[in-house]
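Engineer: Input: one structure, supplied below.
Taken together, the values in this text are just the output of simple stated rules run on the coordinates, not laboratory data. Quick caveat, the model's predicted, so the values are computed rather than measured. Cβ sites come from the backbone with ideal geometry, for glycine too, and all protein chains shown count toward neighbours.
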Amino acid sequence: MIFESIARPMLVLHAIVGFTAVFSTTHHAAYSLLSALGRQNQRALRRFGWIAPSALIVQVLLGLALYPTYRVRVRAADFEHNAPFFTQLFDFKEHLAALSLALVIAAALAARIKELPSKEARWSIAALSCTGALFVWTAAVLGLCVTAKHPV
Amino acid sequence: MSERLLRAGLFAVAAFAIGYLLPGTQQLPVFFYHPVRRVIAFTGAAPSPWMRYYGDLFYAACVALLAFGIALKLPPRKTPLAIATGTALSLVALDVLFYLSRLLASV
């Protein structure tokens, strides 16, 4: 399997980048919410507008690289026979991660514009960013639960 | 320009949500990957350990990029941003509810 020999170090890296993704998307959500409430901080919003999607893209790529090993060594060998709930839990985490990617990229792209958006636009960006951050948090917690049950 | 980019982003998010949910539920043909044999197939369904996640994600990303490009090319819409945002997030919520129902069904 591809990357099987380095699956463990990649899993550790996946966790570290995961923390970066969780906290950067949370920062972006917080700053976009403050912006919607009238407390402008465009500089911070622009800064996290590239950190959050970058961290999330790297995190998703690491997850995609680890997925074949998980699929054979964990899911097919263990979860499908002994813990079918964890199979579904992991799938749910993957779906949340995919959806969060679209939400965070859209929010970050819209928030990086230098001109000051309207109040309605700022609330829209905040809604996208907060939903994205919520999904990233949930995916991270579910990922830790699955890894605690059976790491690659 | 900012609002136009935001509207295009919302359109892309809505397209991503639809493009991510439909192939799996309707068994539409996507790319499948076999992790042991390291081969790719283009089909609607395949037994484990064939993986359709890459294919679904690729499909959704292509649909979202296409929607983003189209939205940028089209003349600006008058739909209130709140409605556009609500629609995009409702489609995302629909995806989450569907996958949550599958998770809860396995309990």
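Engineer: Give, in nm to one decimal, the length gained when the segment between A:R39 and A:L134 is fully stretched (0.36 nm per residue of separation minus the Cα-Cα distance). Before the final figure, lay out each step's value.
Structural biologist: Details: separation 95, 0.36 × 95 = 34.20 nm, distance 2.17 nm.
Result for the pair: 32.0 nm of gain on full extension.
Engineer: Which loop-located trypsin sites (Lys or Arg not before Pro) does region B:1-74 contain, where loop means any DSSP state but H, G, I, E or B and the Cβ has at most 15 other Cβ atoms within 10 Å?
Structural biologist: Those that pass, being in a loop and sparsely packed, are B:R37, B:R38.
Engineer: Enumerate the amide H contacts of B:F32 below 5 Å, restricted to partners 5 or more residues apart or on another chain; note that Pro and chain-start residues carry no placed amide H.
Structural biologist: B:A41, B:F42, B:T43
Engineer: By count of other Cβ within 10 Å, fewest leading, how are B:T85, B:T43, B:T25, A:T87 ordered?
Structural biologist: B:T25, B:T43, A:T87, B:T85
Engineer: Write out the trypsin sites (Lys or Arg not before Pro) in region A:16-78 meeting two conditions: DSSP loop, and at most 11 other Cβ atoms within 10 Å of their Cβ. Spell out each step's value before the answer.
Structural biologist: Details: sites: A:R39, A:R43, A:R46, A:R47, A:R71, A:R73, A:R75; in loops: A:R39.
Here the sparse-neighbourhood loop sites are A:R39.
Engineer: In region A:1-90, what chymotrypsin sites (Phe, Trp or Tyr not before Pro) fall in a loop by DSSP, with at most 12 other Cβ atoms inside 10 Å? Can you show the working numbers first?
Structural biologist: On the way: sites: A:F3, A:F19, A:F23, A:Y31, A:F48, A:W50, A:Y70, A:F79, A:F85, A:F86, A:F90; in loops: A:F3.
Qualifying residues, ordered by number: none.
Engineer: Among B:L5, B:I70, A:S24, which residue has its Cα positioned farthest towards the positive end of the charge dipole of the protein assembly as shown, with +1 placed on the Cβ of Lys and Arg, -1 on the Cβ of Asp and Glu, and the dipole taken about the Cα centre?
Structural biologist: B:L5
Engineer: If you only keep lysine pairs separated by 8 or more in sequence, or across chains, how many in the protein assembly as shown come under 28 Å at the Cα atoms?
Structural biologist: Here the count comes out as 5.
Engineer: Once the other residues with Cβ under 14 Å from the Cβ of A:N82 are scored (Lys, Arg +1; Asp, Glu -1), what is the net sum?
Structural biologist: +1
Engineer: Could I ask something else about it? Taking each residue in A:124-130, count the Cβ atoms of any other chain within 10 Å of its Cβ, then average. What number comes out? Kindly include the intermediate steps, with their values, before the conclusion.
Structural biologist: Values: counts 13, 6, 1, 7, 8, 0, 0.
Per-residue shielding by partner chains comes out at 5.
Engineer: When Cβ neighbours within 10 Å are restricted to other protein chains, what is their mean count per residue of peptide B:28-34?
Structural biologist: 1
Engineer: Given a Förster distance of 22 angstrom, what is the FRET efficiency for B:F58 paired with B:S90, based on the Cβ-Cβ distance and rounded to 0.05? Walk me through the numbers before you get to the answer.
Structural biologist: Numbers: r = 24 Å, r/R0 = 1.11.
Step by step, r from the Cβ atoms, then E = 0.35.
Engineer: Also: State, to one decimal in nm, how far the label point of A:H81 lies from the label point of B:R77, with both points 7 Å from Cα in the Cβ direction.
Structural biologist: Here the answer is 5.1 nm between the modelled labels.
Engineer: In chain A, with Lys and Arg counted as +1 and Asp and Glu as -1 at Cβ, which of these residues, A:L33, A:S5, A:C130, has the Cα nearest the positive end of the dipole, that is, farthest along it?
Structural biologist: Of the options given, the answer is A:L33.
Engineer: Under the rule a/c < 1.5 gives rounded, and otherwise a/b versus b/c splits prolate from oblate, where does region B:2-105 land using the Cα gyration tensor? All intermediate terms of the calculation are to be shown ahead of the outcome.
Structural biologist: On the way: a/c = 3.60, a/b = 1.81, b/c = 1.99.
Oblate.
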